[in-house]
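Data block below; observations after.
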Amino acid sequence: MYCVKCGVKLQEGTEKCPLCGTPVWNPDGLSAESTYSSRMPDKTFDRDPFAAFLTVLTVLAAVAVSAVCLVLYGRLEWGSIVLAALLLFFVIAVLPFWFRDPNPVIFLPIDTVALELFLLFLCLRTGGHWFMSFAFPCAGIMGIIGTATAALLKYLRKGRYIVIGGLQIILGAFCILLEFFQHITFDTAMFRWSLFATIALFVSGTFLICVGLFRPLREFVNRVFYI
């Protein structure tokens, strides 16, 4: 049998779910398992029409921007930045919908490369000097952290609290690194905001790691937040 609310497996004869406290409901001889299964949707989300709609919408936006710029200026002007942004949007938000089961471990590196190229184009287009010392390392590190976290969450069956807590601690350390890149690129002061974010992320990350390590605390958190 399974709980009709949270889906946890129940032993025979159980009168109340030990996780969420929901009474076991078994009307007219129906098992909790069949009741729970009947709540699940039969149809899956059809991704192809949605992907096609977003693709057509992106193409139409690109054509409209190009036409406006060519009519008004005879060249793309600011339209090139908009077109690059639309291409980035397509890679990050639309492309995964063309796949039945998009793997974040594969798509996150692709998204990181697309973001890096967009930032490089934007830097060159505006005559900036911030790409190599700020945008490139920051976006690259975030891509590595995101990909590693997605891989751990996807392939590890246990220890998700520890993974998420460790991610928060790493992000806290990254905040200091981010402010350092900002300092050497734009000559701003150090430790104006990063320490606050680092401390907050360290505290919350340490708590989640403790939740993952200590079973009674983990069961309490699961019960309180219906996880």
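Computed from the coordinates by the stated procedures, all read-outs in this text should not be read as laboratory data. Computed from a prediction, not measured in an experiment: that's the story for all the values here. FYI the Cβ positions are ideal-geometry reconstructions off the backbone, even for glycines, and counts take in every protein chain you see.
Report, by residue number, each residue of segment 197-227 that is under 15 Å from Ile169 (Cβ atoms) and not β-branched (Val, Ile, Thr).
Passing the criteria: Ala197, Ala200, Leu201, Phe202, Ser204, Gly205, Phe207, Leu208, Cys210, Gly212, Leu213.
State whether one or more residues within segment 116-130 are of a type outside the set (A, V, I, L, M, F, W, C) and surrounded by 15 or more Cβ atoms within 10 Å (Cβ to Cβ).
yes
Give me the pairs: first residue in segment 1-22 and over 13 Å from Asn222 (Cα atoms), second residue of a type in the set (Lys, Arg) and surrounded by 14 or more Cβ atoms within 10 Å (Cβ to Cβ), beta-carbon distance under 9 Å, and six or more apart or on different chains, which are they?
Listed pairs, sorted by first residue: Thr22/Lys5.
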